[in-house]
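Okay, so here's the structure we're looking at.
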Amino acid sequence: MGLFGKKEKKSPAEYIAEGRALFDQGRYGKAVFALLKASGKENGEGDYWLGRCYLAMDEEDGKAPSKGAKRYLQFAADDGHKEAARLLAEVYGMEEYRAQAGEPEPPRPAPAQPAVPAPAPPAPAPQPVPVPDDPDVLFQQGVAAYQEEDYATALALFEQLAQRDHVEAQYNTGVLYYHGHGTAADPAKALYWFQRAAGWGHRESQYNCGVLYKAGRGTAPDLAAARSWFEKAAAQGHQGAQQALAALDAPASQEEDPAALFRQGVEAYDAGDYETALSLFEEGAAQGDPQAQYNCAIMYDNGQGAMEDKSTALYWYEQAAGHGHPEAQFNAAVMYDQGQGAPVDKAKALYWYEKAAAQGEPTAQFNCGEMYFQGEGTAQDQAKALYWYQQAAQQGHSGAQHNCGVMYQSGFGTPVDLEKALSWYEKAAEQGNTMSQVNCGSMYLAGQGTPVDKAKAFSWFEKAARLGDVRAQYNCGLMCDIGAGVPQDQAKALYWYEKAGEQGYADAQYNCGYMYYLGEGTDPDKDRAYAWYEKAAQQGFPKALLACAKMCLWGEGREKDAEKDEKLALEYLDQAVQSGDPKVSEKAQQTLMEILP
């Protein structure tokens, strides 16, 4: 209802001009309604002024800048609006928008020269932080930023201190570069900083240097260099380094028996000795054992026995997947789908999903359906989408069962078949899928694919409502209110309306206001009535706008303040006139004529 389907009578530019004029008059609420009609158009200008309106209203109310203002400013900035980018940088501290605004970034410190031959030092962090006189203060600030997951600030702090040969900061800088926290992952820079710290005898950095040289991460593989660093760390009692040396010195005969290597790897893993387990799995993986390859992938994926390394994990997943390992095929697909360890590649993702799906993996089958339906990594093909959804649905995948219902109900990839649609919805609904429960309720209520059965409709709505589905809660309220499928019970109706209203459902909020105002299902309570009407009105619900206006005029549901109430009533009536609901608009105009001189 409301604005849905309403044709605009003005151009976006005209709405923006109207909104700006209202903004200049300080009528921010009304300006918002004009500007919303231009949102997303005219190169972000409408979104920029929406952001300005919300900032002005926040300032009027004495509030901090809100998320609503930030959201519209981001929309505008993403459309190239420089002034929106400047406000994001200044008001919200989003420095990434400063360059877009055409403002120079703060000066950057020059990198120090390395003390020993090493790869070129990394570029300074994007947000330099002033270095205090006390290095310990700087270090603790970095630790605090890291704990708050503000990795960019942590990296800036640690790297500046690392340039001054603070050993722990050098190690932490290496860790951040390795994991890609606060910057793009860069194993070469990680190795540089680990080597700087290792040169001061930092044993964890020595061990990490060994790991990187052994795996060829950030450098070419070099077992001699790896051994040298492991020996240095092992001499200081580092158990991981000692185990790594033992693995390097393992008898060559073990290489001839992948099964023995795998068993030993499992034993080490079960004992919590992840470094040894990974080393043993890697030896078996190098000999082509797909289960060992899969285990290597899992351990690198989760950071067990080595630092988390998504690209190495993907490498081993694909090696195992090439041998037909279904879990590896699925995980390789997920990584390409989500851009983990490699750039997003939907075509490769679909390739591996289909390999796993062909082996009966239900989630892979479902994902194939999703990709064919959306046309991701392939041309859109709704018939193939339905095929894969059905494969997964037959194995009990509730999401696939629901989607089969949607396909048969809507005629996507198949002729419309409402009976089949309801059958699939019910299978998913029985597993607790709330979307299917709501759809079952709607179909029984409307008699689609089945005779009308309002009692069954209510039963399905109630199941979804108890699981928190807002539409189902509203429908339960409505059916209890009018006695459809259940005996009329206005107290229960109000209960469900309030549940939906608390989740922001405007229709339910209005109905709560109506019932509290008249005392239906509860004692009359004008204060509660106004509070619910106001929630719906804030979402532009036409009837609620009119109800709030009248209560303000009559001094109901709020502390009486004639001047303030009249001003608020006029604002509500003004919004109601423009609400897009012809009946509400007409009543609002009549009310305005009655109260205006």
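The values are calculated or read from the model by the stated rules, or taken from the named source; none is laboratory data. The shown structure was predicted, so the numbers you read here are calculated from the model rather than taken from an experiment. Glycine also receives a Cβ, built like all others from the backbone with ideal geometry; neighbour counts cover every protein chain displayed. Just so you know, the surface numbers come from the protein's heavy atoms only, side chains and all, with ligands and any DNA or RNA stripped out. Shrake-Rupley method; radii C 1.70, N 1.55, O 1.52, S 1.80 Å.
Things to note:
- Applying the Karplus relation 6.51 cos²θ - 1.76 cosθ + 1.60 with θ = phi - 60° to the stretch 431-443 yields 3J(HN,Hα) values of 8, x, 6, 5, 4, 5, 4, 5, 5, 4, x, 5, 6 Hz, where x marks Gly and Pro.
- Tilt relative to the chain, helix 45-60 - C-alpha long axis, 0 to 90 degrees, to 10: 80 degrees
- Relative to the globular-protein estimate of 2.2 N^0.38 Å, the Cα radius of gyration of the stretch 333-406 stands at 1.02.
- Centroid-to-centroid separation of the stretch 66-88 and the stretch 298-331 [C-alpha atoms, Å]: 40 Å
- Remark: spin-label model distance GLN380-ARG466 equals 3.9 nm, labels positioned 7 Å along the Cα→Cβ axis.
- PHE262 accessible area, assembled protein chains, probe 1.4 Å, Å²: 50 Å²
- Mean ellipticity per residue at 222 nm, deg cm²/dmol - from DSSP H runs of n ≥ 4 across the chain, formula -39500 (n - 2.57): -21000 deg cm²/dmol
- Rounded to the nearest 10 degrees, the inclination of helix 203-215 to the longest alpha-carbon principal axis of the chain is 90 degrees.
- Sparse-neighbourhood loop sites, GluC sites (Glu not before Pro) in the stretch 494-597 - DSSP loop, at most 10 other Cβ within 10 angstrom: GLU559
- Heavy-atom accessible area ranking, 1.4 Å probe, most first, across GLU361, GLU327: GLU327, GLU361
- In the chain, the longest principal axis of the Cα atoms and the axis of helix 310-322 are about 80 degrees apart.
- Using the 1.4 Å probe convention, the accessible area of the chain works out to 48 Å² per residue with neighbouring protein chains retained.
- In sequence order, the stretch 275-285 has phi-based couplings of 4, 5, 4, 5, 4, 5, 4, 5, 5, x, 4 Hz under the Karplus curve 6.51 cos²θ - 1.76 cosθ + 1.60, θ = phi - 60°, and Gly or Pro positions carry x.
- Shape box of the stretch 479-597 [Cα atoms, principal axes, largest first, Å]: 50, 30, 23
- Solvent-accessible area of LYS30 with every protein chain in place, 1.4 Å probe, in Å² to the nearest 10: 50 Å²
- Vicinal HN-Hα couplings computed from phi for the stretch 11-18 (Karplus, 6.51 cos²θ - 1.76 cosθ + 1.60; Hz; Gly/Pro x): 7, x, 4, 5, 5, 5, 4, 5
- Whole-Å distance, taken between Cα centres, linking the stretch 192-225 and the stretch 537-551: 67 Å
- Correct option for Cα extents along the principal axes in Å [calculated from the coordinates] among [x] 96, 63, 41; [y] 95, 65, 44; [z] 96, 52, 41: [y]
- FRET efficiency, ALA484 to GLN431 (Cβ-Cβ, R0 41 Å, nearest 0.05): 0.95
- Stretchable slack from ALA342 to GLN503, in nm (0.36 nm times residue separation minus alpha-carbon distance): 54.1 nm
- Carbon and sulfur %, accessible surface of the chain computed with the full protein complex present, 1.4 Å: 49 percent
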